[in-house]
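See structure below.
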Amino acid sequence: MLNLVRTDSKNPDFLKMVKELDETLKLTDGDDHEFYNQFNSLDRVKNVIVAYDGGLAVACGAFREYGPKSVEIKRMYTKPIHRKKGYASAILEALENWAHEIGYTKCILETGIFQPPAIALYKRRKYDIIPNYGQYSGIGGSMCFLKYLGPQ
């Protein structure tokens, strides 16, 4: 049974999975990894969800404030042997609900063009592709998304 726990970026299970995520991204991002990695600091990440299956940490995700009414989804990761079980979708939905509960009206996020499973997840969760924002403007390896939360 999947148990989603709201926590923060000091959670040791979250920190372990972020380390695994960074190792994976070093491979997929190649020479661009250092560029992307500079935007993944955990110092502004306060809202984290860790998914546990049978007491084992299997997936995570987080958000940080991006603007007065918007959050940026960050650090989405599912351990490889636990993929294709709907965990990432459950985490993303929980992050959206949490953000909405505390007054945010939209989520934005960036993923790499070489991350087809992530792109498929965001499309399934009704995120719209948008022009690359902020630090990702003009970056060909990035794909950015937006989703409005709650009734419009």
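Which condition does residue 56 not pass, out of (1) closer than 19 Å to residue 24 by Cβ; (2) touching a residue at least 12 places away in the same chain (Cβ under 8 Å), if it passes all the others?
In the conditions (1) closer than 19 Å to residue 24 by Cβ; (2) touching a residue at least 12 places away in the same chain (Cβ under 8 Å), residue 56 misses (2) alone.
Would you confirm, using the coordinates I've provided, whether residue 104 is closer than 13 Å to residue 70 by Cα, aromatic (Phe, Trp, Tyr) and either without any contact (Cβ under 8 Å) to a residue 40 or more places away in the chain or crowded, with 19+ Cβ neighbours inside 10 Å (or both)?
On the way: closer than 13 Å to residue 70 by Cα: yes; aromatic (Phe, Trp, Tyr): yes; either without any contact (Cβ under 8 Å) to a residue 40 or more places away in the chain or crowded, with 19+ Cβ neighbours inside 10 Å (or both): yes.
In short, yes.
Which is surrounded by 20 or more Cβ atoms within 10 Å (Cβ to Cβ), at pLDDT 95 or above, assigned to a strand (DSSP E or B) and not aromatic (Phe, Trp, Tyr), of 5, 48?
Values: 5 fails: surrounded by 20 or more Cβ atoms within 10 Å (Cβ to Cβ).
Within the list 5, 48, the selection yields 48.
Go through (1) in a strand (DSSP E or B); (2) surrounded by 13 or more Cβ atoms within 10 Å (Cβ to Cβ); (3) in contact with a helix residue (DSSP H, G or I) (Cβ under 9 Å, 6 or more places away or on another chain) and name the single condition residue 92 misses.
Every condition holds for residue 92 apart from (1).
The values are calculated or read from the model by the stated rules, or taken from the named source; none is laboratory data. Small disclaimer: the values here were computed from a predicted structure and weren't measured. Neighbour counts are summed over all protein chains in view; Cβ atoms, including those assigned to glycine, are modelled from backbone coordinates with ideal geometry.
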